[in-house]
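Report on one structure; see the data block that follows.
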Amino acid sequence: MATTQLSDVVVPEEFTDYQVANSVEKTALYQSGALAKNAAISDQLGAGAASFTVPFWLDLGNTEANVVNDDPAAFSVPNKIGSGKQVVRKSYLHNSWSAMNLASELSGSDAVARVKSRVLDYWNRQWQRRVIGSLRGVLANNIETAVTGGNDGDMVLDISALTGGAEKFSASAVIDAAATMGDRADDLVAIAMHSATYNTALKADLIQFRPDSEGKPIRTYRGLAVIVDDGMPVAAGKYTTILLGAGVVGFGATAPRIAAGTEIENLPSAGNGGGQAVLHSRFNVGIHPLGFTWVETNVVGESPTIAELSDAANWKRVVERKAVPLAYLVHKL
């Protein structure tokens, strides 16, 4: 009986191109609009160095306009536009899977489609976890004092110490968390929550469903797309829910510049001569929250782990609060 092997069904270059083209698009973060593919990040991933700088212009501010007159000796004084920079950290990632195990599972079905969906879905889950890790690091940095580079929690509403039900997740609490953005609260498009928080909202009939372009249901909460991920912070009964604006996290992923993005390692002697194939998958990736710069304080390896992305010491905000469409709600259930 013939058995389909990965080496028979995967063309490495085509498989890599497929993953790069479709990576991240199946995640709830991307579908909500909170995660945006960024051409500048993708372009820089193939260059040398572990990080790169993205300069940006600040807004023009709110200086009152001049009141004109007819005095020829009165000259207006032009204002200047400020600028800043964000350092984006690259990550060099890899994982691999044994063809023996996968081939037996894939026999009798569309092997190419099955392998592609398994590997692609794996990376999409990794991207979502790394985004959540980065957002946790931004939160941890924000609640630090100004002396250590934080912003005294100006992006966070913490109701967890309240009593009498005021400490629990509610529509009112979400509105108050959004209010930390002032008159930019309408920029928010999505809400990310732990599954326990989602279940609480679902039981309270606070979750609505609407069809996407393919007719599949999309979860919404007060008009915000709902992202459910158990990587959301939970500690001592306190849950953190995150409100996100459109494109608040930039994303880029490419195949490595030197190594192959997809590579099949053949081991003929494995299985007592029956042979084994190992599928290697590699990505260079950049994931970066808008308005923050990477400061590389606590990174042990060549690329940051998810835990290191969550470290407050590795982030610093470089714009005013309202320029970052993010808000955090810390609550109980």
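Bear in mind that the values in this text are calculations on the coordinates, not laboratory data. The structure presented is a predicted model; accordingly, all values stated were derived computationally and were not measured. Note that each Cβ is placed from the backbone with ideal geometry, even for glycine, and that neighbours are counted across all protein chains shown.
Brief remarks on what is shown
- Ranked for footprinting exposure by Cβ neighbours inside 10 Å, fewest first, LEU162, LEU120, LEU135 give LEU162, LEU120, LEU135.
- Computed over every Cα-Cα pair of region 253-325 and binned at 5 Å starting from 0, the pair-distance distribution P(r) comes out as 3, 12, 14, 14, 13, 12, 10, 8, 5, 4, 3, 2, 1 percent.
- Fraction in percent of alpha-carbon pairs per bin - 20 Å, the chain: 27, 49, 20, 3, 0
- 5 angstrom amide H check on ILE227, placed H, neighbours 5+ away: ILE191, ALA192, MET193
- Length available on full extension from ASP70 to VAL11: 0.36 nm per residue minus the Cα-Cα distance, which gives 13.8 nm.
- Distance between modelled label sites at ALA47 and ASP205, nm, 7 Å Cα→Cβ extension: 5.6
- For region 251-333, GluC sites (Glu not before Pro) are listed when DSSP marks them as loop and at most 11 other Cβ atoms sit within 10 Å of their Cβ; the list is GLU302.
- Ranked by how many other Cβ atoms sit within 10 Å of their own Cβ, fewest first, the residues SER269, SER42 fall in the order SER269, SER42.
- Least to most buried among SER117, SER91 (fewest other Cβ within 10 Å first): SER117, SER91
- Helix 111-142 and the longest principal axis of the C-alpha atoms of the chain enclose an angle of approximately 30°.
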